[in-house]
Amino acid sequence: MRARAFWLAAPGRGEIRPVPLPAPGADEVLVRTLHSGLSRGTETLVFAGHVPPTQYATMRAPHQEGDFPAPVKYGYLNVGIVEAGPAHLVGRTVFCLYPHQTRYVVPASAVTVVPDGVPAARAVLAGTVETAVNALWDAAPLVGDRIAVVGAGMVGCSVAGLLARFPGVRVQLVDADPARAGIAAALGVDFALPGDATGDRDLVVHASATSAGLTRSLELLGPEGTVVELSWYGDRQVSVPLGENFHSRRLVVRSSQVGTVSPNVRGRRTFADRLELALELLADPVFDALLTGACRFEELPEVLPRLVSGELPALCQVVDYAEAATDQ
């Protein structure tokens, strides 16, 4: 069997390549991809060649081939149908942290069954919602907290969508793009431009990946408040004002990263538990508001540069494989 995969041939240039497929073994599955998702944050940094050498090992995707900066096959939001493998999985729709490829063979333990109430296209958000779940395990918001989420990208919107379910919590989604107000409304939270955001927050989740966003996050905190930093800046330097009243107000900046399970629950939850929870949460159709762009698999070499440049403003670009999986 053969398949086709999207590769970053060189920073800023992608291409579709044929790849041979092995026959699945006894504990493996053959998956035909239905959809994959493009993360505007991490994947555009990878495509532009902005992964710093110190993070090459940390940033490896579970089924990545090649090495940074290029050539590399990278991606981690894939939903498909099991065509061969253990009987209880054949015919099931599954999520896998796999790159953009028409078909692939992985251990059966590497796929997670998508619940019946979750459409396949929406399920590509599982990896992003999983990041949001981990961030909220780190942040541990309390009933009645006043919270701002700065940065209305995929991760920020996922965090805001989950926070909207917390009792008594007042959530404001903050972004420099006024067009994100409609997404905030769909998620059930308030919206503000950075200059209009409400201060005295108990908690701020920052996901804009900009120095200005992190600075504004600190400004929005009340005394002894915490910023949970979700942004990944790649090889960019970040300037943050830790003078002024940072110490007198006893503010906290705390990192959160999906590569480990939050220490707040690590003894009770596994990576598999976290991903299964994310897929269950995606039964809520409110998350469709994050699926703001679509393209065909064959268009990926042209679409990635447009995402990097900002010409395509999609939060999550859903890649459709309906016409692609004819490689056998």
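Every test in (1) in contact (Cβ under 8 Å) with a residue 12 or more places away in the chain; (2) exposed (fewer than 13 other Cβ atoms within 10 Å of the Cβ) is passed by R274 save one, and that test is (2).
Every residue, every condition in (1) modelled with pLDDT of 95 or more; (2) within 23 Å of the chain's Cα centre (by Cα); (3) more than 27 Å from A87 (Cβ to Cβ); (4) not β-branched (V, I, T), yes or no:
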| position | (1), (2), (3), (4) |
| --- | --- |
| F6 | yes, yes, yes, yes |
| G14 | yes, yes, yes, yes |
| L21 | yes, no, no, yes |
| V31 | yes, yes, no, no |
| E43 | no, yes, yes, yes |
| V51 | no, yes, yes, no |
| Y56 | no, yes, yes, yes |
| R60 | no, yes, yes, yes |
| H63 | yes, yes, no, yes |
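Counting the residues of segment 157-181 that are β-branched (V, I, T) and closer than 16 Å to N134 by Cα gives 1.
Residues in segment 111-130 that are touching a helix residue (DSSP H, G or I) at 6+ places or on another chain (Cβ under 9 Å), under 19 Å from R296 (Cα atoms) and outside any helix (DSSP H, G or I): 2 in all. Within segment 20-47, if we keep just the residues that are buried (at least 18 other Cβ atoms within 10 Å of the Cβ) and hydrophobic (A, V, I, L, M, F, W, C), the residue that is farthest from P305 (Cα to Cα) turns out to be V29.
Residues of segment 286-319 that are in a helix (DSSP H, G or I) and without any contact (Cβ under 8 Å) to a residue 40 or more places away in the chain: E299, E302, R306, S309.
Can you go through S239, S231 and tell me which one is closer than 20 Å to H50 by Cα and exposed (fewer than 13 other Cβ atoms within 10 Å of the Cβ)?
Values: S231 fails: exposed (fewer than 13 other Cβ atoms within 10 Å of the Cβ).
One residue alone meets the criteria, S239.
With respect to the conditions (1) under 21 Å from the mean Cα position of the chain (by Cα); (2) on the phi > 0 side of the Ramachandran plot; (3) not assigned by TED's automatic domain parsing to the domain that holds L8, E244 falls short on a single one, namely (1). Comparison of A197, A184 shows that the only residue that is farther than 16 Å from N134 by Cβ and either buried (at least 24 other Cβ atoms within 10 Å of the Cβ) or in contact with a Pro (Cβ under 7 Å, 6 or more places away or on another chain) (or both) is A184. Mind checking which residues of segment 232-265 are within 22 Å of L220 (Cα to Cα), polar (S, T, N, Q), assigned to a loop (DSSP other than H, G, I, E, B) and touching an Asp or Glu at 6+ places or on another chain (Cβ under 7 Å)? S256 - this is the single residue of segment 232-265 that is within 22 Å of L220 (Cα to Cα), polar (S, T, N, Q), assigned to a loop (DSSP other than H, G, I, E, B) and touching an Asp or Glu at 6+ places or on another chain (Cβ under 7 Å).
Quick one: would you say V105 is out of contact with any Lys or Arg (no Cβ under 9 Å at 6 or more places or on another chain) and surrounded by fewer than 23 Cβ atoms within 10 Å (Cβ to Cβ)? Reasoning before the result, please.
On the way: out of contact with any Lys or Arg (no Cβ under 9 Å at 6 or more places or on another chain): yes; surrounded by fewer than 23 Cβ atoms within 10 Å (Cβ to Cβ): yes.
Spelling it out, V105 is indeed out of contact with any Lys or Arg (no Cβ under 9 Å at 6 or more places or on another chain) and surrounded by fewer than 23 Cβ atoms within 10 Å (Cβ to Cβ).
I'd like to know if segment 256-268 contains one or more residues that are of a type in the set (G, A, S), out of contact with any Leu (no Cβ under 9 Å at 6 or more places or on another chain) and farther than 30 Å from A9 by Cα. Within segment 256-268 (the criterion being of a type in the set (G, A, S), out of contact with any Leu (no Cβ under 9 Å at 6 or more places or on another chain) and farther than 30 Å from A9 by Cα), the answer is yes, since at least one residue qualifies. Scanning segment 147-165 for residues that are out of contact with any strand residue (DSSP E or B) (no Cβ under 9 Å at 6 or more places or on another chain) and free of Cβ contacts under 8 Å to residues at least 60 places away in the same chain yields a count of 1. Residues in segment 66-81 include at least one that is surrounded by fewer than 16 Cβ atoms within 10 Å (Cβ to Cβ) and under 22 Å from the mean Cα position of the chain (by Cα). Check whether at least one residue in segment 92-102 is surrounded by fewer than 19 Cβ atoms within 10 Å (Cβ to Cβ) and either out of contact with any His (no Cβ under 7 Å at 6 or more places or on another chain) or farther than 22 Å from V258 by Cβ (or both), and report yes or no. Looking through segment 92-102, at least one residue is surrounded by fewer than 19 Cβ atoms within 10 Å (Cβ to Cβ) and either out of contact with any His (no Cβ under 7 Å at 6 or more places or on another chain) or farther than 22 Å from V258 by Cβ (or both).
The values are calculated or read from the model by the stated rules, or taken from the named source; none is laboratory data. No experiment lies behind these values; they were computed from the predicted model shown. Counting neighbours? That spans all protein chains shown, and the Cβs are built from the backbone with ideal geometry, glycine included.
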